[in-house]
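Read the structure below first, then the notes.
The values are calculated or read from the model by the stated rules, or taken from the named source; none is laboratory data. Just so it is clear, the model here is predicted, and its values are computed rather than measured. With ideal geometry, Cβ positions are generated from the backbone for all residues, glycine too; neighbour counts draw on all protein chains shown.
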Amino acid sequence: MTRPFEELAHAAWEARENAHVLGSTAVGCAVASETGAIFVGCNVQHKYRSHDIHAETNAIGTMVAGGGEKLIAVFVAAERDRFTPCGACMDWIFEFGGADCIVMWQSTKNGSVGKLTAAALMPYYPE
């Protein structure tokens, strides 16, 4: 990975502060591109809930809009245990990062960090 996970963690927790949630789970995400640039996103919920934006897809979309093409790492910040990306977000992670993309999560600032490759999170993903 081109950036230390501490930088991704800090950026994800900062992005989480901007989450627009109607429920109880604010989520922040920071991703690192192949150039080492960091892009962030947060979840944005809609009152009709048919088109909520997840923090991971928000960050990946920001990376693409900023000219990034290859995803190296994803860091998810949410105050829930083992809060890893959902299947839909994993589709985006596989699309832009592939099976070797590093996925990390943290449930408290400065707490322990979970870390797996995308392939380890979804071992039977059809590539």
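Looking at the stretch 41-60, which of its residues are in contact (Cβ under 8 Å) with a residue 24 or more places away in the chain, surrounded by fewer than 22 Cβ atoms within 10 Å (Cβ to Cβ) and of a type in the set (A, V, I, L, M)?
44
For every residue, the table says whether it meets (1) under 15 Å from residue 55 (Cβ atoms); (2) touching a Pro at 6+ places or on another chain (Cβ under 6 Å); (3) surrounded by fewer than 19 Cβ atoms within 10 Å (Cβ to Cβ).
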| site | (1), (2), (3) |
| --- | --- |
| 5 | no, no, yes |
| 9 | yes, no, no |
| 17 | yes, no, yes |
| 26 | yes, no, no |
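Just to verify a result, which residue in the stretch 100-109, among those that are touching a helix residue (DSSP H, G or I) at 6+ places or on another chain (Cβ under 8 Å) and either loosely packed, with under 15 Cβ neighbours inside 10 Å or modelled with pLDDT under 95 (or both), is nearest to residue 28 (Cα to Cα)?
My answer is 109.
What's the number of the condition residue 47 fails, among (1) among the charged types (D, E, K, R); (2) part of a loop (DSSP other than H, G, I, E, B); (3) at pLDDT 95 or above?
For residue 47, the exception is condition (3).
Check residue 114 against each of (1) closer than 16 Å to residue 5 by Cα; (2) crowded, with 20+ Cβ neighbours inside 10 Å and name the one condition it does not meet.
The single condition residue 114 does not satisfy is (2).
Test of understanding: among 64, 74, which residue is at pLDDT 95 or above and either within 22 Å of residue 108 (Cα to Cα) or part of a strand (DSSP E or B) (or both)?
Of 64, 74, the one residue that is at pLDDT 95 or above and either within 22 Å of residue 108 (Cα to Cα) or part of a strand (DSSP E or B) (or both) is 74.
Does residue 11 count as out of contact with any helix residue (DSSP H, G or I) (no Cβ under 6 Å at 6 or more places or on another chain) and outside any loop (DSSP other than H, G, I, E, B)?
So residue 11 fits the description; yes.
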